[in-house]
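S.K.: Once you've had a glance at the structure underneath, I'll fire off some questions.
The values are calculated or read from the model by the stated rules, or taken from the named source; none is laboratory data. It should be emphasised that the depicted structure is a prediction, and the values quoted were computed from it without experimental measurement. Here the Cβ positions follow ideal geometry from the backbone for every residue, glycine too, while neighbour counts run over all protein chains shown. Just the protein is used for accessible areas: all its heavy atoms, side chains included, with ligands, DNA and RNA removed. Shrake-Rupley method; radii C 1.70, N 1.55, O 1.52, S 1.80 Å.
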Amino acid sequence: MPKGDYPGEFEVVVLLAVARLGDDAYGMTIRREIQETTGRDVSVPAVYVTLDRLEKKGYLASEMGEPTGERGGRAKRFYSLRPEGVEALETSRRMLGALWKGVDLARFRP
Amino acid sequence: MKLPVVLRLVLRLAPRGELREAMLGDLQQEFALRRREHGDAAARRWASLQALRSLGPCLRMRLEGVGRMRTIDGGRWTRNWKHAARAMTGRPLYAFVLVLTFALGIGLNTSILATASQLVMAPLPYPRADRLVVPWPGRALPAGLLAGLLEDSPTFDAVALFWDRDSAVYYDPSDPDAPSVGYDVAVVSRAYLDLLGLDPAVGRTFRDEDVPPEELRAGIGKVVLTHHAWVDLFGADPTVVGAAVSNGPFTTEIIGVMPPEATPMARGLDGWSVVGFESDLTSIPRASFEALGRLAPGVSIDEARAELEVRLARADSAAGRETVLPMWSVPASFGPVSTPVEEQTLVDLRTYLSGNARGGLGLLVAAGLATLLVALVNASALALNRSLDRRREARLRRMLGARRRDLLGLLLAEQTLLASAGGVAALAVAWLGGGALATVLPAELPHALVDRIGRHALLWTAASSFVCALASTAVAAVPLLADARHDVANGGAAAGGRTVTAARRSLHGLLALQVTVVTVLMVGAGLLLRTVGHLRSVEPGFAWDRTAVVHVQAAALWRQSPDALRDEILADYFERAVAELEALARVRAAGQGVPPLATTVNSLWEITEGARSPEPGRPDIEAGWRMTGAGDYFAALDVPLLRGRSLEPEDAPEGEVPLPTTAVVNQLFARRLWPGQEAVGRTFHLALGAMPPRTLRVVGVVGTYRAVALDQPPIPLFFTRSPPGRSATTPILVRLEGPPDPFLTRVEEVVRAVDPRVPFLSVAPLSDTVRASVGGPQSALALLGGLAAVGMVLGLLGVYGVTALNTARRTRELGIRMALGARAGAVARLVVGQGLLVVAGGVAVGLLVAACLVPVLREMLFQVSPRDPVTFTAVPAVLLVTAGLAALPPALRAGRLDPSETLRTE
């Protein structure tokens, strides 16, 4: 796997959020999921910049939902993991797992 | 509950498209959720934080084009332009008329406003020019009076006088055969040039030692040249400074050249010459043309004005008269101000220099704006008309998903395209118009002011084009948007009908407004037309159309002549010149003297009847004084000799102080001083200031004529023969059998041949002088008339357009009427009548507005009342008749309708 195809840290966060949300993954829920699980209060456009990039890389697919009243008549854009996205997440976990092996952080603590 | 506006604005930074919509949706949803969970304040706090955090990502999306809506041919904006260009080429006539309308309106307006802004805003090229003031602008003031009022005044730092104009001859003393150069100088007091605060370009300005000694006052002092005279007459030769100058029995020198900025202050003369009257002014009983003062530091112009008025009141009560100010204005040939700038005690130099132009410019600016308004209204009406035709298209676009702002964008693109094309064409119009304007503006305006019009014109044009585009879009958008407001699905015929009615109403309103403006312009032009007519028909009392005026500079004859013979040489020259001219086949008479309406001295002299001993300040009458020289002045002007004889060479005064003993008076003088009695043989006393009064005997009475201005009544005049040595530059008047133009060359040849050493200055018909006297109203007429004509053409186009529209909209109704038996004539009358009703409304309002505005023109009017019934009847008549004619073609078309055809339309 050439360099540059690894998902970045925030990309992994977004991919995992989409994976956790399943069928209900769209902008607002993704943002909330990230905030609730990681405590990071990110902005909606920041999420979308990443979502758009992930879609271009082929990790995510998206489709428009129905417009609803509480959204001011605007449609949701639902995201779902594509096999490439699943693979990217696995690669990421494998890589990190391999790196974590044999790391004893206690050694560094005073 | 809408998202807070800050957040929405930040999101706008992201490119338009589905992604942005999704983001907005998410934010809206979460905002609503948070309000429910945490309350309004917390939700708003969160939204503000989101806005702050979103700034970076949104900008990034914009820069990287993330989520941008993809279109087939680039952005919406480009598409609009392409569409607009296509639409315009598809309707060339519509586009042409609109562009022409914009071009005329914007162009005329630009040339006027750019000029006006220059006059009002550009700084004068003199240091601290705001401190320079002119008391009683446009008045010929006695120097003694001015001195009494201005000297020692704590409100002025320095005061100088512009005294008179004089002619001088330049020659190179080292070369006896070199030709003489004649030129005219302004005679000023020593401080005059220093007041301007400019450094001379060459040499120096006047110093105290330049002021000629008292006994030489009649002669000319040292001379400083204007820059243009230095270049034109002396080829910018620096050795001219120090060269000898001759005038009268005196020889003096050129001491300096002023920079070009000083030229406007020379009033079209070639330089300045200094005389001494800083002290003892009261002993010189002559008029001065005006004073120039510099305000003392910290003194405002209002304070100085108040002080001057107090001093004037004191002088008035001392003299026991209502006012010591003479009533005569400075002749037009002298300064930029040919009529007083209102009755001002003190004005700043800028106001003075822009003079008449400023008063007229206010009028012009108003007229220019009116033309722009007419053009704008017309363009809006045309655009509105067209958008009524496009309602189908708009509805179709709406059904295909176009939003209101998309329609607006399209319309704006079209109108902007047209207004820009109009703007470009307008620059051409402005350029031509500016050229025409330059010929109308006073020639004495600082050149720097007029030269910079170019850049301003560009700005004005761009600004006006933009305003035109916006305004006409706004008007044209009305029907389209009204349609769009109704739901596409149930956009029934009822809503459409309402739209048409609303649009037609606004069209009628626009047309009425346009007619109002045109009416006002036409009333102004009409009043001026009547004024010029009256001025033309004034019987001035002299033969202005058959007389030529010849100017020479005979002082050149004094080169190398013995002083004792100078008077004789001059007298001999003019006698010979007059004799040679009278010998010409078509010449009736010739005589030397200053022509009427162009006199240099308009002061009044105190006259007391011969039997009474004169008391200073209590004369019987006041009269003007004119001097005549060789030949017969009265015959040359065709002024009849009613009694006695004309002035002869032996009437010329002689001696140390050459004062006359005989006079010819005009009939008005005779009637005032000796009502119902014979004047010839009687005597009168002439007050001469500090000198003892002079007693003169009347030898003849001539007809009364207008000597001061065509629009001023004749004044009492007395004439004396001038002392021979004084008239080196007094013109010769030549009366011919017919109009003088074909003979001017011949006259010049003859005069040149009398003595080739005398510089020949000019020959021109006297009618030129007369015309200059009518100049103000005539230029205003030309401008206002031109604008009124343009406005009327545009207005008639509007009438035609609206009638055509009404006919087209009512085709069905008219068809039904005809089917029910209405005749063609009745239908045509119906259509014309409706158009005329609108025009009549506009005319009525226009007449009212004009009646309120016309007093602005009052100063220019002559023998015409500002409520002149002829003008106020003729203008509406002309407008209604031409409007009727403009409405006729569509009305006739309506009359020819075939009822069965019309019912099938729609």
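S.K.: Could you list, in sequence order, all residues of the stretch B:857-877 that are out of contact with any Lys or Arg (no Cβ under 7 Å at 6 or more places or on another chain) and surrounded by 14 or more Cβ atoms within 10 Å (Cβ to Cβ)?
M.R.: Listed by number, the residues that qualify are B:Leu857, B:Glu859, B:Met860, B:Leu861, B:Phe862, B:Ser865, B:Phe872, B:Ala874, B:Val875, B:Pro876.
Residue-by-condition table, conditions (1) touching a Lys or Arg at 6+ places or on another chain (Cβ under 7 Å); (2) modelled with pLDDT of 85 or more; (3) among the polar types (S, T, N, Q):
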| site | (1), (2), (3) |
| --- | --- |
| B:Ile220 | no, no, no |
| B:Thr226 | no, yes, yes |
| B:Val231 | no, yes, no |
| B:Phe234 | no, no, no |
| B:Val240 | no, no, no |
| B:Gly248 | no, no, no |
| B:Thr251 | no, no, yes |
| B:Ile254 | no, yes, no |
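S.K.: Condition first: over 30 Å from B:Leu584 (Cβ atoms) and open to solvent by 40 Å² or more (accessible area, probe 1.4 Å). Can you find one or more residues in the stretch B:739-752 that meet it? Before you say what the answer is, go through the steps one by one.
M.R.: Taking the stretch B:739-752 and keeping what is over 30 Å from B:Leu584 (Cβ atoms), we get none.
Looking through the stretch B:739-752, none of the residues is over 30 Å from B:Leu584 (Cβ atoms) and open to solvent by 40 Å² or more (accessible area, probe 1.4 Å).
S.K.: Among the residues of the stretch B:280-296, are any surrounded by fewer than 23 Cβ atoms within 10 Å (Cβ to Cβ), at pLDDT 85 or above and among the aliphatic types (A, V, I, L, M)?
M.R.: Yes, that holds for at least one residue.
S.K.: Determine which single condition B:Val10 fails, assuming it passes every other condition in (1) open to solvent by 20 Å² or more (accessible area, probe 1.4 Å); (2) within 9 Å of chain A (Cβ to nearest Cβ); (3) at pLDDT 80 or above.
M.R.: Here B:Val10 clears every test but (1).
S.K.: Same structure, new question: Specify which of the listed residues (A:Gly72, A:Gly97, A:Gly102) is modelled with pLDDT under 90, open to solvent by 20 Å² or more (accessible area, probe 1.4 Å) and within 10 Å of chain B (Cβ to nearest Cβ).
M.R.: Numbers: A:Gly97 fails: within 10 Å of chain B (Cβ to nearest Cβ); A:Gly102 fails: within 10 Å of chain B (Cβ to nearest Cβ).
When all the criteria are applied, what remains is A:Gly72.
S.K.: In the stretch B:13-53, which residues are at the interface with another protein chain (Cβ under 7 Å from one of its Cβ atoms) and of a type in the set (A, V, I, L, M)?
M.R.: Within the stretch B:13-53, B:Ala14, B:Leu19, B:Ala22, B:Met23, B:Leu24, B:Leu27, B:Ala32 qualify.
S.K.: Starting from residues that are farther than 15 Å from B:Gly25 by Cβ and either open to solvent by 20 Å² or more (accessible area, probe 1.4 Å) or in contact (Cβ under 8 Å) with a residue 24 or more places away in the chain (or both), keep the ones in the stretch A:32-41 and report whichever is nearest to the other protein chains (Cβ to nearest Cβ).
M.R.: Checking each candidate, the answer is A:Asp41.
S.K.: Still on this structure, I have one more. Can you pull out every residue in the stretch B:381-412 that is of a type in the set (D, E, K, R) and not in a helix (DSSP H, G or I)? Break it down stepwise before answering.
M.R.: Residues of the stretch B:381-412 of a type in the set (D, E, K, R): B:386, B:389-393, B:395, B:397-398, B:403-406.
Of everything in the stretch B:381-412, those that are of a type in the set (D, E, K, R) and not in a helix (DSSP H, G or I) turn out to be B:Arg390, B:Arg403.
S.K.: Do the conditions hold for A:Leu60, that is, is it surrounded by 13 or more Cβ atoms within 10 Å (Cβ to Cβ), more than 23 Å from B:Ala14 (Cβ to Cβ) and touching a residue at least 40 places away in the same chain (Cβ under 8 Å)?
M.R.: No.
S.K.: If a residue must be in a helix (DSSP H, G or I) and loosely packed, with under 15 Cβ neighbours inside 10 Å, how many such residues does the stretch B:19-41 contain? Please lay out each step first, then the result.
M.R.: First pass over the stretch B:19-41, keeping only residues in a helix (DSSP H, G or I): B:19-38, B:40-41.
With the extra rule that they be loosely packed, with under 15 Cβ neighbours inside 10 Å, the set shrinks to B:33, B:36-38, B:40-41.
Qualifying residue count, the stretch B:19-41: 6.
S.K.: Within the stretch B:804-812, is even one residue open to solvent by less than 30 Å² (accessible area, probe 1.4 Å) and modelled with pLDDT of 75 or more?
M.R.: No, the stretch B:804-812 has no match at all.
S.K.: Kindly indicate whether A:Asp23 is open to solvent by 60 Å² or more (accessible area, probe 1.4 Å), farther than 26 Å from B:Leu63 by Cβ and in contact (Cβ under 8 Å) with a residue 24 or more places away in the chain.
M.R.: yes
S.K.: Between a residue in the stretch B:394-406 that is touching a residue at least 40 places away in the same chain (Cβ under 8 Å) and any residue that is surrounded by fewer than 16 Cβ atoms within 10 Å (Cβ to Cβ), which pairs come within a Cβ distance under 6 Å, given they are 6 or more apart or on different chains?
M.R.: B:Arg398/B:Val488; B:Met399/B:Val488
S.K.: Which of the numbered conditions does A:Glu90 fail, given that it passes all the others? Conditions: (1) more than 23 Å from B:Leu7 (Cα to Cα); (2) surrounded by 10 or more Cβ atoms within 10 Å (Cβ to Cβ); (3) within 14 Å of chain B (Cβ to nearest Cβ).
M.R.: Going through (1) more than 23 Å from B:Leu7 (Cα to Cα); (2) surrounded by 10 or more Cβ atoms within 10 Å (Cβ to Cβ); (3) within 14 Å of chain B (Cβ to nearest Cβ) one by one, A:Glu90 breaks only (3).
S.K.: Any residue at all in the stretch A:47-60 that is among the aromatic types (Phe, Trp, Tyr) and assigned to a loop (DSSP other than H, G, I, E, B)? Before you say what the answer is, go through the steps one by one.
M.R.: Step one: of the stretch A:47-60, the residues among the aromatic types (Phe, Trp, Tyr) are A:48, A:59.
Within this subset, residues satisfying the condition of being assigned to a loop (DSSP other than H, G, I, E, B) are A:59.
Yes, because at least one residue in the stretch A:47-60 is among the aromatic types (Phe, Trp, Tyr) and assigned to a loop (DSSP other than H, G, I, E, B).
S.K.: Here is a follow-up. Inspect all residues belonging to the stretch B:67-77 and state whether any of them is at pLDDT below 90, within 10 Å of chain A (Cβ to nearest Cβ) and open to solvent by less than 90 Å² (accessible area, probe 1.4 Å). Break it down stepwise before answering.
M.R.: So the first thing to find is which residues in the stretch B:67-77 are at pLDDT below 90, and the list is B:67-77.
Those still in the list that are within 10 Å of chain A (Cβ to nearest Cβ) too: B:67.
Then drop every residue that is not open to solvent by less than 90 Å² (accessible area, probe 1.4 Å), which leaves B:67.
Yes, the stretch B:67-77 contains at least one residue that is at pLDDT below 90, within 10 Å of chain A (Cβ to nearest Cβ) and open to solvent by less than 90 Å² (accessible area, probe 1.4 Å).
S.K.: To continue, here is another question. Identify the single condition in (1) of a type in the set (D, E, K, R); (2) without any contact (Cβ under 8 Å) to a residue 12 or more places away in the chain; (3) surrounded by fewer than 16 Cβ atoms within 10 Å (Cβ to Cβ) that A:Glu84 does not satisfy, given that it satisfies every other one.
M.R.: Just one mismatch for A:Glu84, condition (2).
S.K.: Another question, then. Testing A:Phe78 on (1) in contact (Cβ under 8 Å) with a residue 12 or more places away in the chain; (2) of a type in the set (A, V, I, L, M, F, W, C); (3) in a helix (DSSP H, G or I), one condition comes back false. Which one is that?
M.R.: In the conditions (1) in contact (Cβ under 8 Å) with a residue 12 or more places away in the chain; (2) of a type in the set (A, V, I, L, M, F, W, C); (3) in a helix (DSSP H, G or I), A:Phe78 misses (3) alone.
S.K.: I've got another one for you. It is to be established whether one or more residues within the stretch B:817-830 are β-branched (Val, Ile, Thr) and open to solvent by less than 30 Å² (accessible area, probe 1.4 Å). First the steps, then the outcome.
M.R.: Here is the first cut: in the stretch B:817-830, the residues β-branched (Val, Ile, Thr) are B:827.
Subset that is open to solvent by less than 30 Å² (accessible area, probe 1.4 Å): B:827.
Checked against the condition, which is being β-branched (Val, Ile, Thr) and open to solvent by less than 30 Å² (accessible area, probe 1.4 Å), the stretch B:817-830 yields at least one hit.
S.K.: Any residue that is among the charged types (D, E, K, R), farther than 19 Å from B:Leu673 by Cβ and crowded, with 20+ Cβ neighbours inside 10 Å - is there at least one of those in the stretch B:725-734? So that I can check it myself, show each step before the final result.
M.R.: Just the residues of the stretch B:725-734 that are among the charged types (D, E, K, R), to begin with: B:726.
So of that shortlist, the ones also farther than 19 Å from B:Leu673 by Cβ come out as B:726.
Those still in the list that are crowded, with 20+ Cβ neighbours inside 10 Å too: none.
Checked against the condition, which is being among the charged types (D, E, K, R), farther than 19 Å from B:Leu673 by Cβ and crowded, with 20+ Cβ neighbours inside 10 Å, the stretch B:725-734 yields no hits at all.
S.K.: What's the number of the condition A:Gly58 fails, among (1) more than 24 Å from B:Leu49 (Cβ to Cβ); (2) touching a helix residue (DSSP H, G or I) at 6+ places or on another chain (Cβ under 7 Å); (3) within 9 Å of chain B (Cβ to nearest Cβ)?
M.R.: Every listed condition holds for A:Gly58 apart from (3).
S.K.: Looking for whichever is in contact with a Pro (Cβ under 7 Å, 6 or more places away or on another chain), modelled with pLDDT under 90 and open to solvent by less than 50 Å² (accessible area, probe 1.4 Å) here; the options are B:Ala687, B:Ala679. Which one fits?
M.R.: On the way: B:Ala679 fails: in contact with a Pro (Cβ under 7 Å, 6 or more places away or on another chain).
None of the others qualify; the one that does is B:Ala687.
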